[in-house]
Protein chains: 2
Amino acid sequence: MKKQCACKSIPAEELKRIKDELPDSDTIESLGEFFKVFGDPTRLKLIYFLSQYELCVADLARLSEMEQSAVSHQLKILRLHRLTKQRRDGTTIYYSLNDNHVREVFDVALEHIEEIG
Amino acid sequence: MKKQCACKSIPAEELKRIKDELPDSDTIESLGEFFKVFGDPTRLKLIYFLSQYELCVADLARLSEMEQSAVSHQLKILRLHRLTKQRRDGTTIYYSLNDNHVREVFDVALEHIEEIG
DNA sequence: CATGTATATGAATATATGTTCATATACTAA
DNA sequence: TTAGTATATGAACATATATTCATATACATG
């Protein structure tokens, strides 16, 4: 029983080179975090609405048909990832998107879905 | 105690209109699924490698420093989402990306990470 | 056929995550 | 201050998910 697989389609030196091209692990982690935020349908809805309008929590709850608490929890996640910004007006807090890439990512993915499913 | 929140920054008819602009729930679900695939660092590594090279499972395992079993499990997910295609050569199976949008999504997100973190 | 290699997969486990409920906080107005 | 409104948050719970281990499958070779 050999210790190393005999496949080795690619020689060791080239494997090393390919491996080095990978973005560093912090970047990969951040990317994963970023996509994870988009990986939940309820957050996607919030993101979509916020990509078009500045909205208060209560209206977001009505639009997404979620409870206010659930919306606040999800908004916290968006906030922590700096995807949103907010302003206070009295007791009301208005959220909006903080970044142009967000909608861009959304749209590229949408193209994919429409083509491949 | 009122039954409905008094906030209503936006009148009911307009809320309805905004709500109707949201892609249908199947599309939102698919988008969420799509992003969820990208939401795991180990899958991101596989996707990145495959965006540049056609690779066999064993080499993917070496490159990503994962066990062969874990790689196969993740490749199954990529396959089910039709992000990859594969061809067999003897006992070896070579994987590659199936879609151009994938790398595009990856790159847009990378821009975001580099700007906002 | 039997052996070996590359990959796939089911089950078990540990961890992560989203929602709900109850409650806290921050602000407004009387 | 007291009551009311909008939002935030901690804890508990249920569900999802990634990994590992053991094993199965598919193919090649002798």
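The values are calculated or read from the model by the stated rules, or taken from the named source; none is laboratory data. Remember, it's a predicted structure, so these values are computed and weren't measured experimentally. All Cβ positions, even for glycine, are placed from backbone atoms using ideal geometry, and neighbour counts span all protein chains on display. Only protein heavy atoms, including side chains, enter the accessible area calculation; ligands, DNA and RNA are left aside. Shrake-Rupley method; radii C 1.70, N 1.55, O 1.52, S 1.80 Å.
Rank these residues by their accessible area, most exposed first, probe 1.4 Å: B:R17, B:R88, B:R62.
In descending accessible area the options line up as B:R88, B:R17, B:R62.
How far is the Cα center of region B:22-101 from the Cα center of region A:70-117, in Å?
Between the Cα centres of region B:22-101 and region A:70-117 lies a distance of 26 Å.
Counting pairs of alpha carbon atoms under 8 Å apart in space and at least six apart in sequence, what relative contact order in percent does chain B give?
With pairs under 8 Å counted, the relative contact order is 21 percent.
Can you give the charge dipole size of the protein assembly as shown about its Cα centre, rounded to the nearest 20 debye, using +1 on the beta carbon of Lys and Arg and -1 on the beta carbon of Asp and Glu? Don't jump to the answer; show the numbers that get you there.
On the way: 34 positive and 40 negative charges, 165 e Å.
Rounded to the nearest 20 debye, it is 800 debye.
Using only the alpha carbons of the protein assembly as shown, determine the length spanned along each of the three principal axes and report them from longest to shortest in whole angstroms.
Principal-axis extents of the Cα atoms in the protein assembly as shown, largest first: 75, 30, 28 Å.
If B:H101, B:H81 are ordered by their accessible area, calculated over protein heavy atoms with a 1.4 Å probe, which sequence runs from highest to lowest?
Working: B:H101 15, B:H81 55 Å².
Listed by decreasing accessible area, they come as B:H81, B:H101.
Kindly provide the GluC sites (Glu not before Pro) of region B:25-117 that DSSP labels as loop, not H, G, I, E or B, and whose Cβ sees at most 12 other Cβ atoms within 10 Å.
Hits after loop and neighbour filter: B:E65, B:E67.
Could you run the Karplus curve 6.51 cos²θ - 1.76 cosθ + 1.60 with θ = phi - 60° over region A:83-97 and give me ³J(HN,Hα) per residue in whole Hz, x for Gly and Pro?
Once rounded to whole Hz, the list reads 8, 10, 10, 9, 9, 9, 9, x, 8, 8, 10, 9, 9, 8, 6.
Sorted by accessible area with a 1.4 angstrom probe, largest first, how do A:T92, B:T91 fall?
Greatest to least solvent exposure: B:T91, A:T92.
In debye to the nearest 20, how big a dipole does region A:7-117 give about its Cα centre with +1 on each Lys and Arg Cβ and -1 on each Asp and Glu Cβ?
Working: 15 positive and 20 negative charges, 98 e Å.
Once rounded to the nearest 20, the dipole reads 480 debye.
How much accessible surface area, in Å² rounded to 10, belongs to the heavy atoms of A:I113 with a 1.4 Å probe?
20 Å²
Tell me the distances, shortest first, between B:L80 and the same position across the other copies, using label points 7 Å along Cα→Cβ, in nm to one decimal.
2.7
Mind checking which of A:L31, A:L75, B:V108 is farthest towards the positive end of the protein assembly as shown's charge dipole, using Cβ charges of +1 (Lys, Arg) and -1 (Asp, Glu) about the Cα centre?
A:L75
Which entries of B:K36/B:K76; B:K16/B:K36; A:K36/B:K16; B:K45/B:K85; A:K76/B:K36 have Cα-Cα distances beyond 25 Å here?
B:K16/B:K36; A:K36/B:K16
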